[in-house]
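For reference, the structure is listed below as structure tokens.
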Amino acid sequence: MSMKMKAAVAAVSAAAMALTLGACGTGSNGGSASGKTAVSYSDVEAALKSDKDINLTMWAWSYDTMKPSVEAFEKKYPHIKIDFKSTGASADHYTKVQNAIKAKKGLPDIVQLEYDALPQYAVQGALVNLNGDGIDSNIGKLYNDAAWKNVHVGDGLYGIPQDQAPIAAWYRTDILDQYGIKIPTTWDEYEQAGIKLHKADPSKYLGFIDTSGNRQFVQMLHAGDANPWTVEGLKDVTLNLTGDKSTKISDFTQKLIDEGVLAAVPSGTDEFNRAFADGKYASWIDGSWRGGLFATGNPELKGKLKAALPPSWGSSEDDLQVGEARGSLLSVTTTADTKEKQAAALAFINWVNSDPESIDAFQTVGGSLFCAAKSFQSDSKYAETDDPYFGQKVNEIYFKAAEKINTNWSILPYNNQMDSDFKDIVVPEMKEGGNITSALSKFQDKLKTYGTEQGFNVTAK
């Protein structure tokens, strides 16, 4: 998955951020954000067996990656036709989706989204609640538990998971070996390793905290079971950024910055990339897709990087929980306004995201998509394949991380604003001598004010 995809939600237009709950219940065809589809699992099965022609439209940014799977589906089920359009870059994709929702016309039957973006569109009433009879018990079991949770908003099911990005860690083993440092398994070990490295060479840091946005820090909260926000239904939000677990993580992060274990820097710049290649940072903790980017962007580091599980907030690796750098899904929009269309659309997006034939196609186009389907994550042919760049079976690491994803997690329905406020309030304190914990308190106040203004029921602990 590209960096552009990872930045997609943050790049949604200002118009999208300005929409309020006043738009709820009025999707492109007046669909309800809370009403369930009439489609059952038996209807989905019947849609695949039917001889009735159904025409569906779909938008996605990952056109090239998905096209072989779409073609395979149409060959197997020729009565269901998919008019598949590329929306270009992910930021352009979200702008087109949002514009169609506002205009109440032009939205396709099926749309690709990221997990972080899903609540916004569910709240706006643009998506069909797919949680019909037998759907959860028959389709839910096909996907990783964390991914299946990510496509729910409240008690509604608003999509089918496509891929995931469990958090992993990559270490410059040439640097660690030079200074006699072992790959850490806990954050306490990470701290001690980082102190040792920085003391031996003050120009080097064991890792970094990314100041370009909230993603990395939020991943740490996720892994640490901090629950900085919980969401019930479509409107009720509880904020807890000042709780004990959040404070423990923010205080510790500040300590790592002050000790020279972590550098506070924005990733994604040419300067940062050069510094990483030069060995200024001896580790990178990120979503599993980062491994593929190393292979393409840093060929000079072949054999010098090793993938590992991220550090645990507990006392050992046995206590490990990991966060996610999210991933993508396919949703059925309210444009699919008949039972037949909804059943065919759900049948299609489930087949594309879980059928072994489609999974195989994903692995041969665009570079090893980390599929959310259990049929992928349990397949030994993917787990046991040696990666020549890393010199190890990296998928084994990613699969183990996927099993450890903390499912006790919610996504804010105003995630865009959260990212903007984080940059304004928290990032300036991510520095030596800063106070991240104090900034989180101010951040929480801002999130409460904004959420209340947008019509959410917000409680702050």
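The values are calculated or read from the model by the stated rules, or taken from the named source; none is laboratory data. Just so it is clear, the model here is predicted, and its values are computed rather than measured. Every residue, glycine as well, gets a Cβ built from its backbone with ideal geometry; the counts of neighbours run over all protein chains shown.
Restricting attention to region 207-233 and to residues that are more than 30 Å from F272 (Cα to Cα) and touching a strand residue (DSSP E or B) at 6+ places or on another chain (Cβ under 6 Å), the residue that is modelled with the highest pLDDT turns out to be W229.
Of the candidates F272, F294, F276, the single residue that is of a type in the set (F, W, Y), touching a helix residue (DSSP H, G or I) at 6+ places or on another chain (Cβ under 7 Å) and assigned by TED's automatic domain parsing to the domain that holds K182 is F294. Looking only at region 304-315, decide whether some residue is surrounded by fewer than 21 Cβ atoms within 10 Å (Cβ to Cβ), outside the structural domain of K67 (by TED's automatic domain parsing) and over 19 Å from G207 (Cα atoms). Yes - at least one qualifying residue is present in region 304-315.
Count of region 369-416 residues, restricted to those that are hydroxyl-bearing (S, T, Y), surrounded by fewer than 21 Cβ atoms within 10 Å (Cβ to Cβ) and under 16 Å from the mean Cα position of the chain (by Cα), is 2. Here R290 fulfils each of the conditions (1) loosely packed, with under 15 Cβ neighbours inside 10 Å; (2) modelled with pLDDT under 95; (3) not small (G, A, S) apart from (1). Would region 269-282 turn up any residue that is touching an Asp or Glu at 6+ places or on another chain (Cβ under 9 Å), in contact (Cβ under 8 Å) with a residue 24 or more places away in the chain, among the small types (G, A, S) and part of a strand (DSSP E or B)? No, that holds for no residue.
Restricting attention to region 122-144, the residues that are at positive phi and either surrounded by fewer than 17 Cβ atoms within 10 Å (Cβ to Cβ) or modelled with pLDDT of 95 or more (or both) total 1. Restricting region 316-343 to residues that are among the charged types (D, E, K, R), surrounded by fewer than 24 Cβ atoms within 10 Å (Cβ to Cβ) and out of contact with any Lys or Arg (no Cβ under 8 Å at 6 or more places or on another chain), the residue that is nearest to L56 (Cα to Cα) is K341.
Tell me, which residue of region 244-258 that is surrounded by 17 or more Cβ atoms within 10 Å (Cβ to Cβ) and not hydrophobic (A, V, I, L, M, F, W, C) is farthest from Q120 (Cα to Cα)? Per the criteria, the residue is Q254.
Within region 372-395, the residues that satisfy the criterion of being among the aromatic types (F, W, Y) and at pLDDT 90 or above are F376, Y389, F390. Annotation note: of D116, D136, D177, D83, the sole residue that is part of a helix (DSSP H, G or I), closer than 27 Å to S358 by Cα and not hydrophobic (A, V, I, L, M, F, W, C) is D136. Within region 40-55, residues that are touching a residue at least 40 places away in the same chain (Cβ under 8 Å) and crowded, with 19+ Cβ neighbours inside 10 Å reach no partner that is assigned to a strand (DSSP E or B) and among the acidic types (D, E) with beta carbons closer than 9 Å at six or more positions or on different chains. Mind listing whichever residues of region 295-323 are at pLDDT 95 or above and in a helix (DSSP H, G or I)? Result: P299, E300, L301. State the number of residues belonging to region 324-361 that are farther than 25 Å from K404 by Cβ, assigned to a loop (DSSP other than H, G, I, E, B) and either among the β-branched types (V, I, T) or within 22 Å of the chain's Cα centre (by Cα) (or both). Selection size over region 324-361: 4. Filtering region 315-342 to residues that are under 30 Å from Y171 (Cα atoms) and out of contact with any strand residue (DSSP E or B) (no Cβ under 7 Å at 6 or more places or on another chain) leaves E317, D318, Q321.
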